[in-house]
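Taking it in order: structure first as C-alpha cells, then the write-up.
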Amino acid sequence: IEQYSENQCFVSFKDHKDNFFSNPKCRLINPAKSSMGQVSKSILERVVLEIRANTGVNQWKSTSEVLNWFGTIKNMKKARFIKFDIVEFYPSISSGLLDRALSFAESVTELSVDEKEIIKLTKKSFLFNGGQCWIKKSDVNFDVTMGSLDGAETSELVGVYLLNKLSTIIPLESLGLYRDDGLAIIERADGPKLDRIRKKLHQMFQQEGLRITVEVHGGSVGCLDVVLSLGDGSCRPCRGPGGAPLCIGAGSGRPPGVVGSVPS
C-alpha cells in the first residue's frame, strides 16, 4: 500500500534575488514524501546517467564539470554568452512534459512500462499543513514537489530532454544546463544572430509549457560559484558585493539542511 509521510510543509523565501524587496517570491517545500519515491529516484538516476553518456549533453552537477566544459571551448574572443533561467521549473513541469521526456528516454535507453508507471505514480502528491491534508484543485493530481525523494531526478530527466531539443538551436557542445540555469557560448555572435537565438529559445520553451528569462553577456558571466571570462579563457571565484562572501544568520528561518551546509 502506498504511504505518505505526514510532514509539515513550509516556504523558503528567494531572498537571494536582486529584486526581492520589491517583488518577494518563495518556494513551497513539501516534505510529505511518497514511499515509492526512493524506487523512482533509483530508476531516474540510472536513466539520466545513460542518456548523458549516450547523447553527450552537458548537464552539469558541479562547478568542476562547468570548468571542464569551458576549457574545451575554442574561438572565444568573438563569442558571447547567452544565459537563461527556467522560471519556476519544478511546479511548471506538467504531466505532458514528463510524458514527452519519458518517451525521449525510451528512444535512448531501456525503460520498462512498469518503471514509467512508478515514476508517474510518485507525482501524485498531498500537502500537510496544520494537521490537515490538502490536494490540488485541478482534476489532475500531478506535481513535481520540492522536497520529494525524486524531485531533483525528475527535473534532471526533463533537463536532458530539453537539452536535446535545444541542440537544434545551439550546438550541443556549446550548451549546458545546471538544474534550471542554462548557459551557452555563441561563436561569431553579432546582434541579429543573438536576437534570433533568443526568440527561438523563448519559442521552444513555450512549446513545452515553460517560461524563461534570457540574458546576453559579453566578456564574462557568473555561473554557479565562478565567473567565466571569454577574453582570456580564465575563471575566478564569484563573490558578493564588496568582494566578501555572502553569509546567512543561524536564526534566519531557513531549513536546517541549508543552515547546516554553510561553512562556519
Next item on the list: Give the residue, chosen from K124, K120, that is modelled with pLDDT under 90 and at negative phi.
Entry: K124
Note to self: Let me confirm something: among L111, L67, which residue is of a type in the set (A, V, I, L, M), open to solvent by less than 40 Å² (accessible area, probe 1.4 Å) and either out of contact with any Ser or Thr (no Cβ under 6 Å at 6 or more places or on another chain) or closer than 20 Å to K200 by Cα (or both)?
What the structure shows: L111
Next item on the list: Confirm whether P245 is in contact with a Lys or Arg (Cβ under 8 Å, 6 or more places away or on another chain), at pLDDT below 70 and open to solvent by 50 Å² or more (accessible area, probe 1.4 Å).
Entry: yes
Notebook entry, point to check: Within the stretch 29-59, which residues are assigned to a loop (DSSP other than H, G, I, E, B), surrounded by fewer than 20 Cβ atoms within 10 Å (Cβ to Cβ) and at pLDDT 90 or above?
Noted result: G56
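Please state which one of G222, G209, G176 is in a strand (DSSP E or B) and surrounded by fewer than 18 Cβ atoms within 10 Å (Cβ to Cβ). Break it down into steps so the answer makes sense when it comes.
Values: G209 fails: in a strand (DSSP E or B); G176 fails: surrounded by fewer than 18 Cβ atoms within 10 Å (Cβ to Cβ).
Sole residue among the options that is in a strand (DSSP E or B) and surrounded by fewer than 18 Cβ atoms within 10 Å (Cβ to Cβ): G222.
Report whether or not K83 is open to solvent by 30 Å² or more (accessible area, probe 1.4 Å), touching a Lys or Arg at 6+ places or on another chain (Cβ under 6 Å) and not in a helix (DSSP H, G or I). Working first, answer last.
Working: open to solvent by 30 Å² or more (accessible area, probe 1.4 Å): yes; touching a Lys or Arg at 6+ places or on another chain (Cβ under 6 Å): no; not in a helix (DSSP H, G or I): yes.
When the stated conditions are applied, K83 does not pass them.
For the stretch 160-173, state whether one or more residues are closer than 22 Å to G37 by Cα and either crowded, with 20+ Cβ neighbours inside 10 Å or at pLDDT below 95 (or both).
Taking the stretch 160-173 and keeping what is closer than 22 Å to G37 by Cα, we get 160-161.
Among the residues that remain, those that are also either crowded, with 20+ Cβ neighbours inside 10 Å or at pLDDT below 95 (or both) are: 160-161.
The answer is yes; a qualifying residue exists.
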Checklist line | First in the stretch 73-84 and touching a residue at least 12 places away in the same chain (Cβ under 8 Å), second anywhere and open to solvent by 100 Å² or more (accessible area, probe 1.4 Å) and among the basic types (K, R), Cβ under 7 Å, 6 or more apart | finding: K78/R188
Next item on the list: Identify the single condition in (1) over 21 Å from M76 (Cα atoms); (2) out of contact with any strand residue (DSSP E or B) (no Cβ under 8 Å at 6 or more places or on another chain); (3) exposed (fewer than 15 other Cβ atoms within 10 Å of the Cβ) that R196 does not satisfy, given that it satisfies every other one.
Entry: (1)
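Is it the case that F142 is among the aromatic types (F, W, Y), free of Cβ contacts under 8 Å to residues at least 60 places away in the same chain and either in contact with a Lys or Arg (Cβ under 8 Å, 6 or more places away or on another chain) or buried (at least 18 other Cβ atoms within 10 Å of the Cβ) (or both)? If you could, list the steps in order and put the result at the bottom.
On the way: among the aromatic types (F, W, Y): yes; free of Cβ contacts under 8 Å to residues at least 60 places away in the same chain: yes; either in contact with a Lys or Arg (Cβ under 8 Å, 6 or more places away or on another chain) or buried (at least 18 other Cβ atoms within 10 Å of the Cβ) (or both): yes.
Against the criterion (among the aromatic types (F, W, Y), free of Cβ contacts under 8 Å to residues at least 60 places away in the same chain and either in contact with a Lys or Arg (Cβ under 8 Å, 6 or more places away or on another chain) or buried (at least 18 other Cβ atoms within 10 Å of the Cβ) (or both)), F142 qualifies.
The values are calculated or read from the model by the stated rules, or taken from the named source; none is laboratory data. These figures come from a predicted structure and were not determined experimentally. Don't worry about glycine lacking a Cβ; one is built from the backbone with ideal geometry, like all the others, and counts go over all protein chains shown. Quick note on the areas: whole protein, heavy atoms, side chains included, nothing else; ligands and nucleic acids left out. Shrake-Rupley method; radii C 1.70, N 1.55, O 1.52, S 1.80 Å.
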